[in-house]
1. Just the residues that are more than 10 Å from T266 (Cβ to Cβ), in contact with a strand residue (DSSP E or B) (Cβ under 8 Å, 6 or more places away or on another chain), not basic (K, R) and not in a helix (DSSP H, G or I), please, taken from region 277-301.
2. Quick one: how many residues across region 399-427 are within 22 Å of K214 (Cβ to Cβ) and of a type outside the set (D, E, K, R)?
3. Could you look through region 346-360, keep only residues that are in contact with a Ser or Thr (Cβ under 8 Å, 6 or more places away or on another chain) and farther than 26 Å from F14 by Cβ, and pick out the one that is surrounded by the most Cβ atoms within 10 Å (Cβ to Cβ)?
4. In region 168-184, is there at least one residue being farther than 30 Å from Y227 by Cβ, modelled with pLDDT of 95 or more, surrounded by 19 or more Cβ atoms within 10 Å (Cβ to Cβ) and touching a Gly at 6+ places or on another chain (Cβ under 9 Å)?
5. For region 64-77, indicate whether the set of residues that are within 15 Å of A7 (Cβ to Cβ) and surrounded by fewer than 21 Cβ atoms within 10 Å (Cβ to Cβ) is non-empty.
6. Quick one: what pairs do we get from region 334-348, first residue not assigned by TED's automatic domain parsing to the domain that holds G416, second modelled with pLDDT of 95 or more and not in a helix (DSSP H, G or I), C-beta under 8 Å, 6+ apart or different chains?
7. Among (1) polar (S, T, N, Q); (2) in a loop (DSSP other than H, G, I, E, B); (3) surrounded by fewer than 20 Cβ atoms within 10 Å (Cβ to Cβ), there is one condition S95 misses while meeting the rest; what is its number?
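The values are calculated or read from the model by the stated rules, or taken from the named source; none is laboratory data. Worth saying up front: this structure is predicted, and the values here are computed from it rather than measured. All Cβ positions, even for glycine, are placed from backbone atoms using ideal geometry, and neighbour counts span all protein chains on display.
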Amino acid sequence: MNGREAAFLALIKFERGGTYINLALNDVFSKNGISERERSFATELTYGCLKNRLLLDYVISGFSKIKIRKMSAQVRVILEIGAFQIIKLDRVPDSAACDESVKLARKFAGRSRGFVNGVLRSLCRGKSGIEYPDRAVDEAEYLSVMFSFPKWIVERIIGNYGLETCEKILSAANEAYPPYIRQNRLKKRGDFIELLKSDGISAEPDPEIEGCFKVFGSLNIFGSDTYKNGLFTIQNRSSQAAALALDPKPGMFVIDMCAAPGGKTTHIAEIMENRGEIRAFDVHEHKTELIKAAAERLGIDIITAETRDASVPVSELKGKADRVLLDAPCSGLGVIHSKPDIRWTRKESDIEELVKIQSALLDTAAKYVKSGGIMVYSTCTILKAENERQTERFLEKHVGFRLVSQKTLLTHETGGSGFYIAKFARD
């Protein structure tokens, strides 16, 4: 199987719903023989088409007599794969992009191969004269098309941060950023950089976050002995900042409200030197199993992972916790750079419901914090309705708490995911 076909199958699988794009792509790879080179090309096409979907559909619409919404999913995806190569990949000859797209159409949309050929050939001839939305007429529409974001997201970000910062946020979300890893403080063995090199991993320490390393090139944990032996965990630098803000100490009792898959939970345990007690909650049993597996791999035994609805208070834990972390369910708009499917699966109507869930979780979390204790509220979104406004509402309702600090991390400023971290102290 070649990369174009693999990309097509993954995108169609995503279109049919029920799976994330990375899982769809991995499923295609696992079921079909495909070389490393073609895997790389398939990944580039898949993520490129998903990140640029709105732009690609806009361009295709200018050369098609059939409206995008009238096309079958197969035809639209084939056209998007072809158009992406034509307007975004200079190294791919236009003729190859057209010919290979026609081959896809012949195999998966036989009656439409002439239509696919005609649209893409017309695009090749006319791509230099494409007329994009007039920025002077509608800034949000222009940014929506050019950066391929639903207009409601663009308008929300403009409303929160202004036009200039919005453009930087959207641009950063379409860029590829290197992964980060967290060194296990409990298993420090020799020169960590050299140990990684022995596994073919190139990395450098983050100048601001202890134990955080930026990785260059590919990161294959399945072939890494340092990973299998629990010497590190994959975790974005912004996510690592949450546990550091919590400032847990050895011997403390800590509650992690929404803990799966366990990155922050295990980070807290490492900071605590594996001394004390951590209760980690998640509503799904298969996710609590992920927490248990992560703790075992890292050599941590102070975490008790429990399957429970974190919004429902546990009466015996009231006023008992030295530290509480609430990394709440959110819109996820801060991690679109690594999960481009979020922009197409998230709906504006979701925000109001998420705010209600976050508020209920905050109310429950507050019950667990002992006098003199600390609570951290974090999200991987950048919307103020879920962040600063949520903090304001919490302080209005809970007079015994004070805000110690709050910060919003933006990808274009830090290189990490978009993130919000608020730290509260209880009197």
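1. E277, F281, D282, V283, H284 - these are the residues of region 277-301 that are more than 10 Å from T266 (Cβ to Cβ), in contact with a strand residue (DSSP E or B) (Cβ under 8 Å, 6 or more places away or on another chain), not basic (K, R) and not in a helix (DSSP H, G or I).
2. Step one: filter region 399-427 for residues within 22 Å of K214 (Cβ to Cβ), giving 407-421.
From what's left, of a type outside the set (D, E, K, R): 408-412, 414-421.
Residues in region 399-427 being within 22 Å of K214 (Cβ to Cβ) and of a type outside the set (D, E, K, R): 13 in total.
3. Let us first name the residues in region 346-360 that are in contact with a Ser or Thr (Cβ under 8 Å, 6 or more places away or on another chain), namely 346, 350-351, 354, 357-358, 360.
Among the residues that remain, those that are also farther than 26 Å from F14 by Cβ are: 358, 360.
On the way: Q358: 24, A360: 15.
Ranking the qualifying residues of region 346-360, first place goes to Q358.
4. Taking region 168-184 and keeping what is farther than 30 Å from Y227 by Cβ, we get 168-171.
Right, trim to modelled with pLDDT of 95 or more and you get 168-171.
Checking the rest, the ones that are also surrounded by 19 or more Cβ atoms within 10 Å (Cβ to Cβ) come to 169-170.
From what is left, the residues that are touching a Gly at 6+ places or on another chain (Cβ under 9 Å) are 169.
The answer is yes, given that some residue of region 168-184 is farther than 30 Å from Y227 by Cβ, modelled with pLDDT of 95 or more, surrounded by 19 or more Cβ atoms within 10 Å (Cβ to Cβ) and touching a Gly at 6+ places or on another chain (Cβ under 9 Å).
5. yes
6. Taking only residues 6 or more apart or on different chains, not a single pair turns up.
7. (2)
Residue-by-condition table, conditions (1) closer than 20 Å to V335 by Cα; (2) part of a loop (DSSP other than H, G, I, E, B); (3) outside the structural domain of C49 (by TED's automatic domain parsing):
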{"residue": "G190", "(1), (2), (3)": "no, yes, yes"}
{"residue": "I193", "(1), (2), (3)": "no, no, yes"}
{"residue": "F222", "(1), (2), (3)": "no, no, yes"}
{"residue": "Y227", "(1), (2), (3)": "no, no, yes"}
{"residue": "A242", "(1), (2), (3)": "yes, no, yes"}
{"residue": "C258", "(1), (2), (3)": "yes, yes, yes"}
{"residue": "K264", "(1), (2), (3)": "yes, no, yes"}
